[in-house]
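Step one of this worksheet: look at the structure below.
Every number in this text was worked out from the coordinates using simple rules, so none of it is lab data. A quick note: this is a predicted structure, and the numbers were derived from the prediction, not measured. Cβ atoms come from the backbone with ideal geometry, glycine included; neighbour counts cover every protein chain shown.
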Amino acid sequence: MRRWPILLAALALAAPAAAQEWRMAPEYDVLLTSFEVQPKVIKLKANEAVRLRFVNNSEQPHRFSAADFFRSAALRGRDRDAVRHGGIDVAPLSDRTIALVPKAGRYKVSGDNAFRRVLGMTATIVVE
């Protein structure tokens, strides 16, 4: 019985630390246009928190698909619902930021349809 108050106190102290870790994580911009993803190679550090800001500067909605990457990463709690079916949707002329801790590996990125992929809406995520 006496362990519960200690456990609850430890969790209460840990929660703000975890929240602060996300705020302190570096932020990287990923530009989505109708025909490309920039940068073509997204380099991240393994097991270190990062915020990815997806910027859609076109008048079309875009999807950043990287199913293996998102599946292997630890997403911030409130961002788990933003990633659906291996990708994230970004509305026209807007941006969306998610925070995660990536796992080491090389991951393929693709755009939202075959036509755009053929025209260059692809990239690679390298996590070392």
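As a rough footprinting exposure proxy, the listed residues 32, 75 were ranked by other beta carbons within 10 Å of their own, and the order from fewest upward is 75, 32.
Residues whose amide H comes within less than 5 Å of that of residue 73, counting only those at least five positions distant or on another chain, are 103 (H built at 1.01 Å from N in the peptide plane).
According to the Cα-based calculation, Rg over Rh for the stretch 26-127 is 0.93, with Rh computed by the Kirkwood formula.
Based on C-alpha pairs under 8 angstrom that are at least 6 apart in sequence, the stretch 23-73 has a relative contact order of 42 percent.
What does the charge count near residue 46 come to, summing +1 for each Lys or Arg and -1 for each Asp or Glu among other residues with Cβ under 15 Å from its Cβ? Walk me through the numbers before you get to the answer.
On the way: positive: 43, 45, 103, 106; negative: 48, 68, 128.
My count for the surroundings of residue 46 gives +1.
By the beta-carbon count within 10 Å of each Cβ, the least crowded to most crowded order of 64, 35, fewest first, is 35, 64. Summing charges over neighbours of residue 67, with a neighbour being any other residue whose Cβ is under 12 Å away from its Cβ, gives +3 when K and R count +1 and D and E count -1.
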